[in-house]
1. Does residue 337 satisfy the condition of being out of contact with any His (no Cβ under 7 Å at 6 or more places or on another chain), assigned to a helix (DSSP H, G or I) and assigned by TED's automatic domain parsing to the domain that holds residue 84?
2. Would you mind stating whether residue 71 is without any contact (Cβ under 8 Å) to a residue 12 or more places away in the chain and not aliphatic (A, V, I, L, M)?
3. Please verify whether region 141-151 includes one or more residues that are surrounded by fewer than 18 Cβ atoms within 10 Å (Cβ to Cβ) and modelled with pLDDT of 90 or more.
4. In this structure, is residue 193 at pLDDT 90 or above, hydrophobic (A, V, I, L, M, F, W, C) and closer than 29 Å to residue 272 by Cβ?
5. Filter region 193-212 for residues that are of a type in the set (D, E, K, R) and touching a Ser or Thr at 6+ places or on another chain (Cβ under 9 Å) and give the result.
6. Name the single residue, out of those in region 181-210 being over 21 Å from residue 298 (Cα atoms) and β-branched (Val, Ile, Thr), that is nearest to the chain's Cα centre (by Cα).
7. Restricting attention to region 1-26, report how many residues are within 23 Å of the chain's Cα centre (by Cα), in a helix (DSSP H, G or I) and at pLDDT below 85.
8. Just checking, which of 195, 183, 206, 233 is of a type outside the set (A, V, I, L, M), in the same structural domain as residue 161 (by TED's automatic domain parsing) and touching a residue at least 40 places away in the same chain (Cβ under 8 Å)?
Amino acid sequence: MASRNESCGKNIGLPIFIKSLEDKRLAKGKRHELYVVIIIAIMGLMNGYLTFRGLERFALRNEKDFYKIFKLSKKRVPKRDTFRRIFSQIEFEKLNEVFESWIKQELQTTKLDWFSLDGKAIKHTFPEHAHYFVTLVSVFAHKSKQIISQGKVKHKSNEIPISQSLLNHFKKNERIFILDALNTQIKTINSIVENNNYYVLPVKQNQKYLFNQIKKLPNLPIEIDKNTTVEKNRGRIESREVKVFENDFYKETEELGWRDVKRIIQVRRTVFQKKKRKTSQEVIYYISNLETSASEFNKGIRNHWLVESMHWIKDVVFKEDNACVRDEQSASNFSIMRSFALNLIRFAGFESIIEGIGMLMCDIKRMWKLMGGDN
């Protein structure tokens with residue numbers, strides 16, 4: 001269960017954060033305040049209404065509650081064209097700043113908490129003058145299973161620059177960040193080390209020299225620590241053996257720009273599939289500036305898959321890839337709205353997002369209270 005900040009009762013509610021967004025619409029003809037439309041959209045997503053048309057149906061179904069909560073002078077709730085227009089006009093960066101400020105206040109994190117960074121493309125999005133999908137990189141907290149930040153990959157770029165930018169948002173708080181091999185870059189390590197945080201990064205053939213040097217270490221007779229776990233799940237038996245080695249070529253890696261590589265981690269993953277009677281094995285190496293036990297490395301590296309489960313929730317539960325929102329700005333902002341919804345459902349105490357959607361169905365007062373609407 002996500003642990004909310006103990007001072008939550010004194011915190012600023014989500015509606016107040018959203019009110020800080022600039023409304024670029026002309027005053028003439030404006031029927032609803034910006035924050036009202038956004039709050040209704042987030043509540044709609046929390047109830048399984050996943051399209052602009054669906055949000056309109058949700059607003060109409062619960063219009064009496066919204067009249068009371070928002071004290072609407074005109075007895076009207078937003079229509080789908082209003083949602084579509086506002087989603088296309090909000091600046092992604094500004095909305096993300098609101099999201100980051102809110103979750104930073106609400107989410108209780110501690111020293112040595114683990115976080116994953118990973119990118120996800122939103123299918124069916126075709127930004128103007130381009131032939132690529134909108135791609136967002138998310139920062140995901142292992143312990144609470146919540147998103148704490150997002151960044152958008154620029155056209156003709158990749159995940160590396162935006163990942164480095166996101167890492168600079170976390171200054172001097174001694175958190176642990178694990179990323180995919182694509183982000184095993186000197187600049188990425190610098191962004192983490194200079195902010196007094198820790199990294200756990202896989203080393204593969206994209207860094208050939210470092211990879212070849214690291215492969216020599218496990219041939220030595222003694223490791224610092226070792227941990228083995230066995231999991232049985234869905235007809236598979238998975239064994240994970242983790243060995244931790246001291247970096248015997250520390251000076252050399254420093255000279256090459258790989259800062260503070262104190263530990264080399266070898267993960268040997270063996271999977272036996274009962275039905276096929278087939279065994280497969282994979283060996284992956286990691287570098288880290290964190291000095292901890294093999295069991296802690298094993299747990300943190302294993303839990304990196306949680307960020308993929310978050311992508312699955314957005315794809316399968318929130319139907320992100322099937323939303324067919326082609327406009328870049330709308331698709332990006334819709335994704336942040338889904339992140340608000342996911343985090344709020346976690347704060348409500350639900351491990352299963354599907355269960356949370358069912359239990360919160362049309363309970364407007366509970367969702368309003370969950371957002372801190374009374375604060």
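The values are calculated or read from the model by the stated rules, or taken from the named source; none is laboratory data. All values derive from a computational prediction rather than experimental measurement. Positions of Cβ are backbone-derived with ideal geometry, glycine not excepted, and every protein chain shown enters the neighbour counts.
1. Yes: the conditions hold for residue 337.
2. Yes, satisfied.
3. Scanning region 141-151 turns up at least one residue that is surrounded by fewer than 18 Cβ atoms within 10 Å (Cβ to Cβ) and modelled with pLDDT of 90 or more.
4. The answer is no for residue 193.
5. Matches in region 193-212: 204 only.
6. 188
7. Looking only at that region, the number is 1.
8. Selected residue: 183, the only one of 195, 183, 206, 233 that is of a type outside the set (A, V, I, L, M), in the same structural domain as residue 161 (by TED's automatic domain parsing) and touching a residue at least 40 places away in the same chain (Cβ under 8 Å).
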